[in-house]
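Okay, structure first, notes after.
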Amino acid sequence: MVIKTGVVVPTLGIRSELLTECLNSIRLAGDSFIQLVAPGSFDAQSLTTSGLVDGIVLDPGAGLAKAINLGIAEMPREIMYTTWLGDDDLLKSSAVTLCEQILEESPNAVMVFGNCEYIDAEGNTIWKNSFGKVALKFIRVGPCLIPQPGSLFRRNVFENIGGLDATYGWAFDFDLFIRLSKQGSIEYINKELASFRWHSDSLTVKQRKKSVREASMARARNQSVTLRTVMRPIEPLIRVATLHGPRLFKQKRVV
């Protein structure tokens, strides 16, 4: 059987229980090549022995975007579709299989994504991102509403546009989505595909203001001169909405 999908999991190796849970969820999501990107000090022998990891790449220590780029570059060449997943995030059962099917059936599609639940450190649901097709309408003019966990994109298109832009420390996923949208269609699956862990140690949460600032830069860089001029007066409002939106949703805990 030829495995077509590869999932990169960058890790520092300091949350072993969550990492194991993450890797198990990927295995249950469908057939995939799991590529771990970790520092040299991390002992992954037990993970490879148990079959939770297929490949290990040494983290160059040059930032998350470069770690993910390297992980994808070092995958077997038969891998056609790829993505990454945080070492404390989770994929839902059959998520990879569902995304693969969409890309197989839609030759013009460069990426597919679904809904995502946000969970706290204990795994309790805080809120759910199900913006769906609405997220696509705002991709170049508003906040990033597309959840990265659970998404899947074509490897050749990813490589053709230069992969993740490592000049971003946090908004490289948003920048990637915008650039991918210029190469073909992005498809939406109305199913919950992943869980994103929203907690104080999360990079996205800890550096929220910097992430919002970078998202603003990503929008501007990918807009035409005309659109950038039109959007400039309302860009501060978009930043405020992006910064405080998750806090409002967090207060509306899903029971």
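Quick notes on this structure:
- None of 78, 117 is surrounded by fewer than 19 Cβ atoms within 10 Å (Cβ to Cβ) and either touching a residue at least 12 places away in the same chain (Cβ under 8 Å) or within 12 Å of residue 195 (Cα to Cα) (or both) except 78.
- Matching entry among 96, 157 (being outside any loop (DSSP other than H, G, I, E, B), touching a strand residue (DSSP E or B) at 6+ places or on another chain (Cβ under 7 Å) and more than 28 Å from residue 220 (Cα to Cα)): 96
- Contact map, the stretch 98-113: residues that are within 18 Å of residue 173 (Cα to Cα) and touching a residue at least 40 places away in the same chain (Cβ under 8 Å) paired with residues that are in a helix (DSSP H, G or I) and among the aromatic types (Phe, Trp, Tyr), Cβ distance under 8 Å, separation 6+ or inter-chain. Pairs shown: 111/177.
- Members of the stretch 139-181 found to be of a type in the set (Lys, Arg) and at pLDDT below 95, listed by number: 140
- Test: residue in the stretch 91-99 that is basic (Lys, Arg) and surrounded by 16 or more Cβ atoms within 10 Å (Cβ to Cβ): yes
- Only one of the numbered conditions (1) in a loop (DSSP other than H, G, I, E, B); (2) over 21 Å from residue 149 (Cα atoms) is not met by residue 48, and that is (1).
- Of the residues making up the stretch 77-95, those that are over 19 Å from residue 180 (Cα atoms) and not small (Gly, Ala, Ser) are 77, 78, 87, 88, 89, 90, 91, 92.
The values are calculated or read from the model by the stated rules, or taken from the named source; none is laboratory data. Since we're looking at a predicted model, the values are computed, not measured. All Cβ positions, even for glycine, are placed from backbone atoms using ideal geometry, and neighbour counts span all protein chains on display.
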